[in-house]
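To start, the structure itself, in structure tokens.
The values are calculated or read from the model by the stated rules, or taken from the named source; none is laboratory data. Here the structure is a predicted model, which is why all the values come from computation and not from measurement. No Cβ is skipped: glycine too gets one built from the backbone with ideal geometry, and neighbour counts run over all protein chains shown.
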Amino acid sequence: MSAKGGSASGGKTLFVRLSVAIFLVAFPWCCFAIDVWPGSAGTTIATLSEPSGVVWHEGRQSLFVVLDTGTLKEINASGVEINSWDLAGGPDLEGITLAQNSRYLYLGIENPDSIVEFDTQTGLLTGKSWDLTTWMTGDPNLGLEGLTYRDGYFYAGLQADGKIYVFNVNLSQSGIVSHVETTTPFASYTDISGIDYISDTGLSYLIYDSHDALIELNSSNGIVNHYSLPANNQEGIALKTNCMSRTADVYIAEDNGGSPGHVVKYTDYPITCLDADSDGVDHTSDCNDYDSTISANQTYYRNIDGDGLGDANTTSAVCSLSAPEGYVTNSSDPADILANGRSFYVNGNNYDFFTVDPVTVQYTDLNFYSDDYHEVIAAGLVRKKAYITLARVRGNEVAVTKRVRVKIKKKHTSVSITTQSSKYKFTTRFSRGKKYTWKAKSSGSFKRSR
């Protein structure tokens, strides 16, 4: 019988709680902060006789609940009963879990501590069982109180000492079981009453009845979170995760020891899933674990001149399949340029192309000599003067190689640049018909040409 079974359970629970209180007074050094419950207020979804363990079945979208009286029930997420099975001999059922095959449930029995297999298709025990009493010893009324399955092993909680006993169980053959290790999740707590391992989060969730506490335990047996539990008489725990909303529904089986017990649902319990979007990339590596279309930052290239070509030297890595404003997916622009008065932004940096701030600026870029360099030719107007500049660009290597100033007799309002690449020439034309033709050299210099 469990700690909540029959009239004796009430006295035993009171004794445990009084013992805890006396211990805390005598040894105040053991005291510690426990975080407040982070989920919603509880809602009773089912009233049952001494519920002592619960598990969520994802495939069937239902809860399975074991009762101290030897009954197994299946209810939906709202608490409506779907199935009920009375098991032969009325075993004292205290824990329940799923393992490798979702067809079978594994039921934890207290006194004698053991595991039995139940077939959900036939609605019967299969006859397979595994005795744990060699390792889980002590008061038969403070025995196995929680059972879960993690990474190929069964984890059974012993109420007498609050420890977890890990077993390697041969599921294909009855009776073949070996003890792997025993762990102490939290030395200050005994009276462990429920365990549920959730593969989505990689955590085990442990509850302690006399302490009204829940502990999240990682694979290294380290405590991740430690919360106070609402209400009391907690005997079983199950989580139904919603990774994309980062929350879980928590179901607690409350065994009131002779009085009607309850299954209570708490929503909005915060979780972090290992791979929320199920794209095969762990959340520690996934740049957005809530979007299965992307898992790594994408590199985009600055396109300041709006020609659709990006600058390989100026990048932005963002977790998005859409380029940020001003960036493109390609890196094929040899000279990404934006003019602002005398200053030209070229491939990530600013350079003074002129010694003054022209009123009107025009520029072009080309590859005169079919080499690694691009020539950038710029022309600017200030009153009756024209400024002509040539710069050579290779990646983020930018050199202004020559500037000239030309006096023009009349004030012009516009300038254009045309090129004759085959002859290494370019022509600057002004609004009133005036023009100058120049010939460029591979060194970056240029001079007037007829």
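Considering 415, 398, 393, 406, the condition of being in contact with a Gly (Cβ under 8 Å, 6 or more places away or on another chain) and either of a type outside the set (Val, Ile, Thr) or surrounded by 15 or more Cβ atoms within 10 Å (Cβ to Cβ) (or both) is satisfied by 415 alone.
Within the set 88, 33, 41, the sole residue that is more than 30 Å from residue 172 (Cβ to Cβ) and at pLDDT below 95 turns out to be 33.
With respect to being within 30 Å of residue 290 (Cα to Cα) and either touching a residue at least 24 places away in the same chain (Cβ under 8 Å) or within 47 Å of the chain's Cα centre (by Cα) (or both), residue 382 falls outside the description. Among the listed residues 365, 371, identify the single one that is more than 13 Å from residue 428 (Cα to Cα) and in contact (Cβ under 8 Å) with a residue 60 or more places away in the chain. That would be 371, the only listed residue that is more than 13 Å from residue 428 (Cα to Cα) and in contact (Cβ under 8 Å) with a residue 60 or more places away in the chain. Can you confirm whether the range 131-154 contains a residue that is of a type outside the set (Lys, Arg), farther than 26 Å from residue 186 by Cα and exposed (fewer than 13 other Cβ atoms within 10 Å of the Cβ)? For the range 131-154, residues of a type outside the set (Lys, Arg), farther than 26 Å from residue 186 by Cα and exposed (fewer than 13 other Cβ atoms within 10 Å of the Cβ): absent. Between 321, 309, 274, the distinction of being in a loop (DSSP other than H, G, I, E, B) and under 29 Å from residue 218 (Cβ atoms) belongs to 274 only. Looking at residue 289, is it charged (D, E, K, R), outside the structural domain of residue 110 (by TED's automatic domain parsing), without any contact (Cβ under 8 Å) to a residue 60 or more places away in the chain and surrounded by fewer than 18 Cβ atoms within 10 Å (Cβ to Cβ)? No, not satisfied.
Selection over the range 38-50 of residues that are closer than 13 Å to residue 231 by Cβ and in a strand (DSSP E or B) gives a count of 2. All but one of (1) at pLDDT 95 or above; (2) among the β-branched types (Val, Ile, Thr); (3) under 29 Å from residue 433 (Cα atoms) hold for residue 329; which doesn't? (3) is the only condition that residue 329 fails. Taken as a whole, the condition of being more than 37 Å from the chain's Cα centre (by Cα), farther than 30 Å from residue 288 by Cβ and buried (at least 17 other Cβ atoms within 10 Å of the Cβ) does not apply to residue 356.
Considered as a group, the residues in the range 50-104 that are basic (Lys, Arg) and under 32 Å from the mean Cα position of the chain (by Cα) include one that is nearest to residue 158 (Cα to Cα), and that residue is 103. For the range 247-271, name all the residues that are part of a loop (DSSP other than H, G, I, E, B) and at pLDDT below 95. Within the range 247-271, 255, 256, 257, 258, 259 qualify.
Taking the range 402-415, which residues are at pLDDT 95 or above and within 14 Å of residue 437 (Cβ to Cβ)? Of everything in the range 402-415, just one residue is at pLDDT 95 or above and within 14 Å of residue 437 (Cβ to Cβ), namely 404.
What strands (runs of 3 or more DSSP E), lying completely within the range 176-230, carry at least 1 residues that are more than 22 Å from residue 133 (Cα to Cα)?
Passing ranges, in order: 192-198, 203-208, 213-217, 223-228.
Looking across the range 91-119, just one residue is modelled with pLDDT of 95 or more, closer than 12 Å to residue 171 by Cα and part of a loop (DSSP other than H, G, I, E, B), and that is 99. Exactly one residue out of 107, 63 is surrounded by 24 or more Cβ atoms within 10 Å (Cβ to Cβ), under 15 Å from residue 129 (Cβ atoms) and not acidic (Asp, Glu), and it is 107.
Within the range 313-335, residues that are of a type in the set (Phe, Trp, Tyr) have Cβ atoms under 9 Å from residues that are in a loop (DSSP other than H, G, I, E, B) in these pairs: 327/303; 327/310, counting only partners at least 6 apart in sequence or on another chain.
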